[in-house]
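Chemist: Following this message is one structure expressed as structure tokens.
The values are calculated or read from the model by the stated rules, or taken from the named source; none is laboratory data. Remember, predicted model here, so these are calculated numbers, not experimental data. Heads up, the Cβs are rebuilt from the backbone with ideal geometry, glycines too, and the neighbour counts pull from every protein chain shown. In case anyone asks, the SASA skips ligands and DNA or RNA and just uses the protein heavy atoms, side chains included. Shrake-Rupley method; radii C 1.70, N 1.55, O 1.52, S 1.80 Å.
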Amino acid sequence: QRISKMLQDKFEILFSTSEEVPSFLASNYLKIPTGVNPTYAHEILKLSLDRQVDLVLPLGLSEIQTISEAKILFEEYGIQLLCPDRETLEEVFVLENPNSSVELSLFLHGKSLNNSNDFDGGISGLYAVSDEGDDVALCTI
């Protein structure tokens, strides 16, 4: 919800989950497979095409690991994945469930989509930027 609030003024947000959702919330979420499922990337691509999605933000580490391998495929369909590529993922520090006091920045090729914290290096995904502005940590939820 924190990320939705951060982005709702700039983007139309579609929620999806592989988790069970209480019936009164089920209509707010699209059902997707878990990130470790071999069909995960295919299902996200199909859903993105069906719903005319331009940007996909995977939030779980397993989702990011799986979908980062299909980044070129998504881009061929005009869909940008807001996550690091496989090589960058192996090198970046991962911060799981960051505290609400941590400012989050959403990047696409180094350009911030939610604030003025652009970052050299062409990164994509949800990150926390160091106070000095020279280092980042990939944030997962």
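Chemist: Of all residues in the range 54-85, count the ones that are part of a helix (DSSP H, G or I) and loosely packed, with under 15 Cβ neighbours inside 10 Å.
Modeler: From the range 54-85, those part of a helix (DSSP H, G or I) are 61-68, 71-76; that's our starting set.
Subset that is loosely packed, with under 15 Cβ neighbours inside 10 Å: 72-73, 75-76.
Number of matching residues: 4.
Chemist: Out of curiosity, is LEU82 among the hydrophobic types (A, V, I, L, M, F, W, C) and either under 12 Å from the mean Cα position of the chain (by Cα) or over 24 Å from ASP9 (Cα atoms) (or both)? Don't jump to the end; show me each part of the working.
Modeler: On the way: among the hydrophobic types (A, V, I, L, M, F, W, C): yes; either under 12 Å from the mean Cα position of the chain (by Cα) or over 24 Å from ASP9 (Cα atoms) (or both): yes.
Taking the combined requirement at face value, the residue satisfies it.
Chemist: I've got another one for you. Scan (1) over 13 Å from the mean Cα position of the chain (by Cα); (2) under 20 Å from LYS5 (Cβ atoms); (3) of a type in the set (Val, Ile, Thr) for the single condition THR88 breaks and write down its number.
Modeler: Only one criterion is unmet by THR88, namely (2).
Chemist: Yes or no: the range 9-30 includes at least one residue that is at pLDDT 90 or above and in contact with a Gly (Cβ under 6 Å, 6 or more places away or on another chain).
Modeler: no
Chemist: In the range 124-141, what residues are touching a residue at least 24 places away in the same chain (Cβ under 8 Å) and within 23 Å of ALA41 (Cα to Cα)?
Modeler: SER124, GLY125, LEU126, LEU138, CYS139, THR140, ILE141
Chemist: Of the residues that sit in the range 1-45 and are of a type in the set (D, E, K, R) and open to solvent by less than 100 Å² (accessible area, probe 1.4 Å), which one is farthest from ASN97 (Cα to Cα)?
Modeler: As a first pass, look at the range 1-45 and keep what is of a type in the set (D, E, K, R): 2, 5, 9-10, 12, 19-20, 31, 43.
With open to solvent by less than 100 Å² (accessible area, probe 1.4 Å) added as a condition, the list becomes 2, 43.
Values: ARG2: 11, GLU43: 25 Å.
Out of the qualifying residues, it is GLU43.
Chemist: Could you please tell me which pairs satisfy a Cβ distance under 9 Å, a separation of 6+ or placement on different chains, a first residue in the range 102-123 that is part of a strand (DSSP E or B), and a second residue that is at pLDDT 90 or above and of a type in the set (Asp, Glu)?
Modeler: Pairs found: none.
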